[in-house]
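S.K.: Below are the structure tokens for one structure; questions will follow.
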Amino acid sequence: MPYDAVIVGAGPAGLAVGACLARAGVPATILEQTGQVGAAWHRHYTRLHLHTDKARSQLPFADFAAECPRYPSRQQVIDYLQAYARTFRLDIRLGQQVVAARPGDGSWEVRTRDQIYQARNLVLATGYNREPNLPTWPGQSAFRGTVLHSSDYRDGEPFRGRRVLVVGFGNSGGEIAIDLCQHGAEPSIVVRGPVNVVPRELFGIPIQAVSLLQSRLPPRVADLVSRPVLRLALGDLSRLGLERGAEGPMAQIRRLGRIPLIDVGTIELIRSGRIAVCPGVASFTADGVVFTDGTQRPFDAVILATGYRPRVDAFLHGASAALDRDGAPASSGSETAIPGLYFCGFRVSPAGMLREIGREARRISAAIARRTGAVGKGGNWGREGRTTGAG
Ligand SMILES: Cc1cc2nc3c(=O)[nH]c(=O)nc-3n(C[C@H](O)[C@H](O)[C@H](O)COP(=O)(O)OP(=O)(O)OC[C@H]3O[C@@H](n4cnc5c(N)ncnc54)[C@H](O)[C@@H]3O)c2cc1C
């Protein structure tokens with residue numbers, strides 16, 4: 001007998017779908033490749049706190065603990081996710097890496113290294129950040145220093161007193177540069193082109209709350225309205241060598257699916273000269289980097305904060321109708337073009353991915369409940385019945 005629902009991935013998205021299905025009375029099994037829930041959060045760098053406020057980062061039916069700060073730490077997020085899995089008694093099979101999933105006759109065949117599961121509904125919650133994006137440059141193999149991706153960075157201790165180039169002015173790059181400063185390293189950060197920067201809070205209000213309000217407006221209008229406010233909050237960034245994007249933060253998210261830098265202190269450190277801004281990397285030398293403007297500088301280490309790719313096409317077969325040209329999910333949060341297949345957690349939202357994951361999980365489980373005929377068995381789609389998570 002096929003399972004009603006198999007969910008791949010026990011990160012926030014997989015857990016949220018599992019909890020919503022549990023509430024709807026649909027039994028679901030979660031397959032997780034590692035030995036723990038919230039695996040990505042176990043690996044993230046130590047200093048990480050949510051950039052989004054806890055009220056808008058919690059999953060369906062469970063709040064962060066009241067004693068958690070507004071921006072919970074990495075460990076508090078891990079505690080919350082573990083408590084979430086326990087609270088909803090989710091059936092999670094750890095150490096089950098899905099190596100192939102394909103549509104069969106009326107159900108999905110999901111293969112792990114040692115099991116085959118048949119599922120009427122398959123939810124892929126394997127993460128927008130599944131694989132590090134690792135660009136390479138001419139001369140890189142001759143570089144005598146260390147090169148590592150941000151996903152392998154834990155803290156700045158090994159870099160104390162060293163010259164470190166952070167490639168990428170996203171949220172990981174910006175925060176790792178702060179961490180390096182705080183550990184006595186000499187960080188520089190590559191800013192290849194125009195950027196959008198927003199503070200984590202605007203006059204005490206979380207930027208997510210502001211973005212939510214703004215998302216009712218057309219992106220260009222929202223950006224026009226916020227421009228003078230952002231300038232007031234962050235000062236003139238062009239003096240720091242940071243050129244403002246032709247399109248603002250909301251238009252950037254809509255068009256490119258890329259979150260602007262949510263500033264948690266990087267700008268102040270650039271202003272005070274403790275983080276240097278550099279142009280794009282053209283090539284490596286044995287002891288440093290040549291930049292696109294022809295200048296050359298020595299570095300002991302280079303950290304690639306160059307993002308990730310979802311790479312579901314690495315194990316999902318016979319489902320190209322549900323993928324875009326790059327092999328990434330073409331949609332997220334609803335049934336795809338292929339019956340019984342759903343993606344959760346692949347939409348970048350101005351209001352934060354965790355919030356969006358919760359919304360997608362509710363929609364997906366409602367669709368699965370309809371498909372399995374479980375509607376009305378125990379569904380509770382409102383805020384009532386919330387519990388308090390850990391943290
Ligand atoms: C550094 C960083 C900070 C972030 N901060 C925030 C923030 O402050 N606020 C916010 O809203 N969002 C934030 N995000 C974005 C997003 O909310 C998180 O990445 C979140 O963990 C996404 O949840 P997920 O379940 O979709 O993916 P993940 O947490 O990546 O979970 C996916 C799970 O699937 C498993 N898996 C993958 N492939 C397979 C397979 N083939 N078989 C079995 N299991 C598999 C993985 O092991 C993992 O456990 C941040 C992201 C990063 C990288």
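S.K.: Which of the residues spanning the range 212-242 are surrounded by fewer than 17 Cβ atoms within 10 Å (Cβ to Cβ) and within 25 Å of the chain's Cα centre (by Cα)?
M.R.: Result: LEU212, LEU213, SER215, ARG216, LEU217, PRO218, ARG220.
S.K.: In addition: Of the residues that make up the range 18-28, is at least one near the ligand (Cβ under 8 Å from one of its atoms), over 14 Å from the mean Cα position of the chain (by Cα), in contact (Cβ under 8 Å) with a residue 12 or more places away in the chain and crowded, with 24+ Cβ neighbours inside 10 Å?
M.R.: Checked the range 18-28: no residue is near the ligand (Cβ under 8 Å from one of its atoms), over 14 Å from the mean Cα position of the chain (by Cα), in contact (Cβ under 8 Å) with a residue 12 or more places away in the chain and crowded, with 24+ Cβ neighbours inside 10 Å.
Residue-wise test of (1) outside any loop (DSSP other than H, G, I, E, B); (2) in contact with a strand residue (DSSP E or B) (Cβ under 7 Å, 6 or more places away or on another chain); (3) of a type in the set (D, E, K, R).
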| site | (1), (2), (3) |
| --- | --- |
| VAL166 | yes, yes, no |
| PHE169 | no, yes, no |
| GLU175 | yes, no, yes |
| ILE178 | yes, no, no |
| CYS181 | yes, yes, no |
| VAL198 | yes, yes, no |
| SER211 | yes, no, no |
| LEU217 | no, no, no |
| LEU224 | yes, no, no |
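S.K.: Now for a different question. Check whether at least one residue in the range 162-169 is surrounded by fewer than 14 Cβ atoms within 10 Å (Cβ to Cβ) and not β-branched (Val, Ile, Thr), and report yes or no.
M.R.: Checking the range 162-169: not a single residue is surrounded by fewer than 14 Cβ atoms within 10 Å (Cβ to Cβ) and not β-branched (Val, Ile, Thr).
S.K.: So which residues in the range 42-78 are assigned to a loop (DSSP other than H, G, I, E, B), out of contact with any Leu (no Cβ under 7 Å at 6 or more places or on another chain), under 27 Å from ARG23 (Cβ atoms) and within 11 Å of the ligand (Cβ to nearest atom)?
M.R.: Of everything in the range 42-78, those that are assigned to a loop (DSSP other than H, G, I, E, B), out of contact with any Leu (no Cβ under 7 Å at 6 or more places or on another chain), under 27 Å from ARG23 (Cβ atoms) and within 11 Å of the ligand (Cβ to nearest atom) turn out to be LEU50, ASP53, GLN58.
S.K.: Spot the failing condition for VAL37; the list is (1) closer than 30 Å to VAL210 by Cα; (2) aliphatic (A, V, I, L, M); (3) in a loop (DSSP other than H, G, I, E, B), and only one is missed.
M.R.: (1)
S.K.: Considering only residues of the range 79-115 that are away from the ligand (no atom under 14 Å from the Cβ) and closer than 19 Å to LEU341 by Cβ, which is surrounded by the fewest Cβ atoms within 10 Å (Cβ to Cβ)? Walk me through it before giving the result.
M.R.: Restricting attention to the range 79-115, the residues satisfying the condition of being away from the ligand (no atom under 14 Å from the Cβ) are 79, 83, 86-89, 91, 103-107, 109.
Subsequent filtering for residues that are closer than 19 Å to LEU341 by Cβ retains 103-107, 109.
Details: PRO103: 18, GLY104: 13, ASP105: 6, GLY106: 10, SER107: 18, GLU109: 18.
Out of the qualifying residues, it is ASP105.
S.K.: Additional query: Search the range 116-131 for residues that are touching a residue at least 60 places away in the same chain (Cβ under 8 Å) and within 11 Å of the ligand (Cβ to nearest atom) and pair each with any residue that is basic (Lys, Arg) and part of a strand (DSSP E or B) when their beta-carbon atoms are under 8 Å apart and the residues are at least 6 apart or on different chains.
M.R.: ARG130/ARG309; GLU131/ARG309
S.K.: Identify, please: which residue in the range 170-195 is aliphatic (A, V, I, L, M) and farther than 19 Å from THR46 by Cα and is, among those, surrounded by the most Cβ atoms within 10 Å (Cβ to Cβ)?
M.R.: Step by step, filter the range 170-195, then rank; the result is ILE189.
S.K.: With respect to the numbered conditions (1) over 30 Å from ALA119 (Cα atoms); (2) surrounded by 18 or more Cβ atoms within 10 Å (Cβ to Cβ); (3) acidic (Asp, Glu), which one is the sole condition not fulfilled by GLU32?
M.R.: So the condition that GLU32 fails would be (1).
S.K.: Identify the residue in the range 295-351 that is farther than 30 Å from ALA177 by Cβ and β-branched (Val, Ile, Thr) and, among all such residues, is surrounded by the fewest Cβ atoms within 10 Å (Cβ to Cβ).
M.R.: It comes out as ILE338.
S.K.: Okay, moving on. Suppose the filter is in contact (Cβ under 8 Å) with a residue 40 or more places away in the chain and assigned to a strand (DSSP E or B); does ARG258 pass it?
M.R.: no
S.K.: Could you count how many residues in the range 352-368 are surrounded by fewer than 18 Cβ atoms within 10 Å (Cβ to Cβ) and closer than 13 Å to ALA125 by Cβ?
M.R.: 0
S.K.: Of all residues in the range 44-89, how many are closer than 23 Å to VAL210 by Cβ and among the acidic types (Asp, Glu)?
M.R.: 2
Laboratory data are not the source of any read-out in this text; all were calculated from the coordinates shown. All values derive from a computational prediction rather than experimental measurement. Cβ: placed from backbone, ideal geometry, glycine included. Neighbour counts: every protein chain shown.
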